[in-house]
Amino acid sequence: MTSEIFGDWLKSLDISMRVKKRKIILFIHNCSAHNNLPVLKNISVNLFPANTTLKLQPMDQGKIRNFKVNYRRQLVRKLVDAIDEGSTLPKINLQDDGLRTEKCDTEECPKLLLKSWIKDWVRRGERDQRRRE
């Protein structure tokens, strides 16, 4: 990823949010591709401090596994359905793969990620509470 590609993506997302009359906060990893961010009206971008990725980003704490499990489940379901129907096994192509990825990302993963964030933040809050006591 280059800063130019990331900037173009952010501008596109900003336009989309403006059309939907939504404002969002985007927390992102602090890396070189995220330097020189464009001026955005509907997106507030916050960079995580250096060396905090493992502590603050649940995706880095094994949550990617949930995405992979759901993706594989959909792929196997497609193959099993073809076998059950007695048809030939479908070829896996990039378009189907993209749709499967989108389905995992939009239908199943957000629920799991939200639970992960909540669980991680609650655990962190409990740990901070114990330190204060």
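Out of all the residues in the stretch 86-106, which are at pLDDT below 75 and surrounded by fewer than 11 Cβ atoms within 10 Å (Cβ to Cβ)?
L94, G98, E102, T106
In the stretch 12-34, what residues are loosely packed, with under 13 Cβ neighbours inside 10 Å, in contact with a strand residue (DSSP E or B) (Cβ under 9 Å, 6 or more places away or on another chain) and at pLDDT below 85?
Across the stretch 12-34, the qualifying residue is only F27.
Specify the residue that is surrounded by the fewest Cβ atoms within 10 Å (Cβ to Cβ); the eligible residues are those in the stretch 1-11 that are of a type in the set (A, V, I, L, M) and either in contact with a strand residue (DSSP E or B) (Cβ under 8 Å, 6 or more places away or on another chain) or in a helix (DSSP H, G or I) (or both).
That would be I5.
Scan the stretch 37-50 and give yes if some residue there is at pLDDT below 85, outside any loop (DSSP other than H, G, I, E, B) and surrounded by 11 or more Cβ atoms within 10 Å (Cβ to Cβ), otherwise no.
Yes.
Given I83, I118, which one is exposed (fewer than 14 other Cβ atoms within 10 Å of the Cβ), of a type in the set (A, V, I, L, M) and at pLDDT 80 or above?
Checking each option against the conditions leaves just I83.
The values are calculated or read from the model by the stated rules, or taken from the named source; none is laboratory data. On a predicted model such as this, the values are computed, not experimentally measured, just so you know. Backbone-built Cβ (ideal geometry, glycine too); neighbour counts: all protein chains shown.
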